[in-house]
Every structure is written in structure tokens, then in C-alpha cells.
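A short worksheet on the structure shown next.
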Amino acid sequence: MSILDDLPDVSAEALDDVFRDGVLKVPPSGPPVSDGQGGWIYGDPTSYPCKALVDDYSDMRRATAGIPAHDRKIIILAASLSVAPAVGHTINAEGRDWQIVALSRDPAKATWEVQGR
């Protein structure tokens, strides 16, 4: 085990007071069930608590990456989350639900950077 393995936990402990409580909502797995009237019933998403922070992208990054003006950057402390986020999941951070449209993880695996819409 190297010091790099401890970075996510060390980062989470150091930044815990800066980040706010959030919730990752994972859609139910499995197909929807017929409601008997021509529609579908979808299960409730599974919620996972986490620590997150909402930020803006720089104008340079928006221009070079083609990120729309209304999208926001959401940083999630990886050690605060028990599952990996994915495109199509929803993150509730700072009082709003954000649909995850893109994400990446830093090299130390301490945070997830999410593009929320």
C-alpha cells in the first residue's frame, strides 16, 4: 500500500468543511413495469449521500470544450460516495438537481468532476 492509496481519504478529511451535503440519485436498474393503462411505472432512484461543491467553468474551458453556459461544474469528494457516478445519474447539490452529462476523475482518485445540466 502506498501513500497514493490514502489520498482520497486524506483529501476528504481536509475538505469536509468546505464541501456541502449532496445526494447522488441512481436510476433503478431493470426495465419499467406496465401500469396496465398503456404507460410505464419506473422505480424510485436509489440515493447515496455524498459531499459536493458546485462551481463555474472558466470562460476559456467553456470555449475550448464547447460547454454550454448553463452547465455547471460539480466536484464530488470520492471518499464520501459509496458508488461511482455515471452519465444519466442525478446529483442534488446546493439545493438543486443536476443531470450528469459528463464526468471525469482526478489522477489521485480523490474527486469526481461532473458536468451538470
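Things worth noting here:
- Criterion violated by R62 - all others in (1) in a strand (DSSP E or B); (2) surrounded by 12 or more Cβ atoms within 10 Å (Cβ to Cβ) satisfied: (1)
- Filtered residues of the range 65-74 (kept if in a strand (DSSP E or B) and either free of Cβ contacts under 8 Å to residues at least 24 places away in the same chain or surrounded by fewer than 20 Cβ atoms within 10 Å (Cβ to Cβ) (or both)): R72, K73
- Filter result (outside any loop (DSSP other than H, G, I, E, B), of a type in the set (S, T, N, Q) and at pLDDT below 95) within the range 75-97: S80
- Within the range 98-107, restricting attention to residues that are farther than 10 Å from G22 by Cβ and assigned to a strand (DSSP E or B), the residue that is least open to solvent (accessible area, probe 1.4 Å) is I100.
- Filtering the range 36-51 for residues that are part of a strand (DSSP E or B), among the charged types (D, E, K, R) and either under 12 Å from the mean Cα position of the chain (by Cα) or loosely packed, with under 10 Cβ neighbours inside 10 Å (or both) leaves a non-empty set.
- Selection within the range 75-90 - open to solvent by 70 Å² or more (accessible area, probe 1.4 Å) and closer than 18 Å to F19 by Cβ: S82
- Residues of the range 20-35 classified as closer than 29 Å to D71 by Cα, open to solvent by 70 Å² or more (accessible area, probe 1.4 Å) and assigned to a loop (DSSP other than H, G, I, E, B), total: 1
The values are calculated or read from the model by the stated rules, or taken from the named source; none is laboratory data. Nothing here was measured: the structure is a model prediction, and the numbers come from that model. Backbone-built Cβ (ideal geometry, glycine too); neighbour counts: all protein chains shown. Surface accessibility is based on the protein's heavy atoms, side chains included, excluding ligands, DNA and RNA. Shrake-Rupley method; radii C 1.70, N 1.55, O 1.52, S 1.80 Å.
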